[in-house]
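Participant: This structure is in structure tokens; I'll ask about it shortly.
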Amino acid sequence: MTPMIPVAMFGWLPFSIWLFTRLQARHAVIAGFLLSWMFLPQYAYNFSGIPDYTKVSAMSYGVLLGTLFFNSEALSRFRPHALDLPLIIWCVIPFFTSLSNGLGAYDGLSTTLARSTMWGLPYFIGRLYFYNRQALTELAFGIFLGGLIYIPFCLWEVVMSPRLHRLVYGFHPHSFGQTKRGGGWRPVVFMEHGLMVAMWMVTAWLSGYQLLRSGWLARKFPQWKQLWGPLVLGLLVTVVLCKSTGALGLLVFGVFVLYLVQLTRWALPMKAILLIPILYVLARGSGYWDAQNLIDAAARIASEDRTASLAYRLQNENILSERALERAWLGWGEWGRSFVRDEDGRPISVPDGLWILAFGQNGLIGLSALLVTLLLPPLLFLIRYPPRRWRDPPVAAMTSLPLLMGLFTIDSLFNAMFNPLILILAGGLTGLWLEGPESDTESTGGMAPRPVEPRTRLF
């Protein structure tokens, strides 16, 4: 490790506060999220009795401190709502899991606090700042800019190998062997894994592509009108160079759905994206489908090593599902208790998907809460803005965002690659629904937002 780790991690809090002094509050949130997610190290400081201090918690703490000092009015406008219940259940279910497994209240409280920091705070930030069309469109633009910023770093690692994290912070964040793909290098930059970078770049590309198609970029920045097309194309080339078959497949699927919804004005394609994770989890979690036919189909169209990787994941899911069903409602809890082990107690299973981790650790209750947290906000968007409105310029500019949530959930069926952006989107899309028609008006950039009563209150 290098001295840059404590400098970056603990220097982030005053830097976040400084952002609030230079930018509008909402723009400071976007900048803080992007910069921390893309450049802080994959490192955690462990403190007794409180959650680990990670890049996600640094981002959230920095935003909350900036809000407290410079935009406290945003805190006063927040009202909990029944729609927040899925996220709340997902955050507190570890407490009840720990009690049901005899692990004690301390273990339950510790895990609940850690999950609330990791999942709850980004969602809360989304509810505070991204509750209207203007805010969500600016967030989409920020995501696109983040992808553009990452292009040179990705290209450097494609040529020189993934070593930036080691050069700056002194260690590689994951197995270096997994960075070699397709006769070249898969960039990792400052994220946990190359798959995470690939999905981040897909997210940025879809955001920029839809902003370009809707005409928002040309209207907002007419002086750079000729640049946006080549920049979007350059981002697409970088996505391809990230060498992730799954991410590329989701990109193609996402573009197809965008075109189909806008062309036919049917909600069915978007609903299908939201339905796929539910059907998959039901079929796999119940043991009804062993997914062998999926492995056989992959063998006909994918390389041998990619097929072997998929088969390994699915075969592990089979045995982990059986283990999870032994404590179906509340799960086994943390500390690898949901893993399958041999006679000597050594793990013989590797959970890759987020859904199977949630099922094993927190049972059907936790898994259901997680799925509703991820899938309900895009459904609310679809109800609020039916496909007949997706061609309207103000709506079209942000239609990539509910799509991104659906694609992330599909990706999470096979990869447990956490992204706080998805929680920010979940909070923002939920806030968009709760604000009602007033959320379609211009906002104040996060500074002293107007008081608006939600439709119904939980507390």
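Participant: Among residues belonging to the range 42-75 that are over 17 Å from Gly427 (Cβ atoms) and touching a Pro at 6+ places or on another chain (Cβ under 8 Å), point out the one that is surrounded by the most Cβ atoms within 10 Å (Cβ to Cβ).
Facilitator: Across the range 42-75, the extreme among qualifying residues is Lys55.
Participant: Contact list please: Cβ distance under 6 Å, first residue in the range 157-177 and at pLDDT 90 or above, second residue open to solvent by 70 Å² or more (accessible area, probe 1.4 Å), pairs at least six apart or on different chains.
Facilitator: Val168/Met4; Tyr169/Met4; Gly170/Met1; His172/Arg166
Participant: Report every pair of residues separated by at least 6 positions or lying on different chains whose Cβ atoms are under 6 Å apart, first residue within the range 369-384 and within 23 Å of Ala396 (Cβ to Cβ), second open to solvent by 40 Å² or more (accessible area, probe 1.4 Å) and not acidic (Asp, Glu).
Facilitator: From the range 369-384, the pairs are Leu380/Trp433; Arg384/Trp433.
Participant: Further, regarding this structure: What are the residues in the range 355-371 that are among the hydrophobic types (A, V, I, L, M, F, W, C) and within 15 Å of Gly120 (Cβ to Cβ), if any?
Facilitator: Narrowing the range 355-371 to residues among the hydrophobic types (A, V, I, L, M, F, W, C): 355-359, 364-365, 367, 369-371.
Scanning the range 355-371 gives Ala369, Leu370.
Participant: Please name all residue pairs, on different chains or six or more residues apart, with Cβ atoms under 6 Å, provided the first residue is in the range 348-364 and is among the aliphatic types (A, V, I, L, M) and the second residue is surrounded by fewer than 20 Cβ atoms within 10 Å (Cβ to Cβ).
Facilitator: Ile348/Val340; Ile348/Asp342; Val350/Asn316; Leu354/Ala416; Leu357/Ala416; Leu364/Ala328; Leu364/Trp329
Participant: Still on this structure: Confirm whether Leu263 is in contact (Cβ under 8 Å) with a residue 12 or more places away in the chain and either open to solvent by less than 20 Å² (accessible area, probe 1.4 Å) or of a type outside the set (Asp, Glu) (or both).
Facilitator: Working: in contact (Cβ under 8 Å) with a residue 12 or more places away in the chain: no; either open to solvent by less than 20 Å² (accessible area, probe 1.4 Å) or of a type outside the set (Asp, Glu) (or both): yes.
In short, no.
Participant: Next up: Being under 25 Å from Asn362 (Cβ atoms) and open to solvent by less than 30 Å² (accessible area, probe 1.4 Å) is the filter here; which residues of the range 299-325 pass it? Even if it seems obvious, please write down each step before you answer.
Facilitator: Pass one, the range 299-325, residues under 25 Å from Asn362 (Cβ atoms): 312-325.
Within the range 299-325, Leu314, Asn316, Glu317, Leu320, Ser321, Ala324 qualify.
Participant: Can you give me the ranges of the helices (runs of 4 or more DSSP H) entirely in the range 351-415 with at least 2 residues that are touching an Asp or Glu at 6+ places or on another chain (Cβ under 9 Å) and crowded, with 20+ Cβ neighbours inside 10 Å? First the steps, then the outcome.
Facilitator: Numbers: elements: 354-384, 393-396, 400-411.
Output list reads 354-384.
Participant: Of (1) within 21 Å of Arg389 (Cβ to Cβ); (2) open to solvent by 10 Å² or more (accessible area, probe 1.4 Å), Leu211 satisfies all except one. Which?
Facilitator: That leaves (2) as the condition not met.
Participant: What's the number of the only condition in (1) free of Cβ contacts under 8 Å to residues at least 12 places away in the same chain; (2) open to solvent by 80 Å² or more (accessible area, probe 1.4 Å); (3) of a type in the set (D, E, K, R) that Asp296 fails to meet?
Facilitator: Going through (1) free of Cβ contacts under 8 Å to residues at least 12 places away in the same chain; (2) open to solvent by 80 Å² or more (accessible area, probe 1.4 Å); (3) of a type in the set (D, E, K, R) one by one, Asp296 breaks only (2).
Participant: Right, here's the next one. Suppose the filter is open to solvent by 10 Å² or more (accessible area, probe 1.4 Å), of a type in the set (Gly, Ala, Ser) and at negative phi; does Ala328 pass it?
Facilitator: Numbers: open to solvent by 10 Å² or more (accessible area, probe 1.4 Å): yes; of a type in the set (Gly, Ala, Ser): yes; at negative phi: yes.
When the stated conditions are applied, Ala328 passes them.
The values are calculated or read from the model by the stated rules, or taken from the named source; none is laboratory data. Here the structure is a predicted model, which is why all the values come from computation and not from measurement. Because the Cβ atoms are built from the backbone with ideal geometry, glycine has one as well, and the counts that use them run over all protein chains shown. Please note that ligands, DNA and RNA were not included when accessible areas were found on the heavy atoms of the full protein model with its side chains. Shrake-Rupley method; radii C 1.70, N 1.55, O 1.52, S 1.80 Å.
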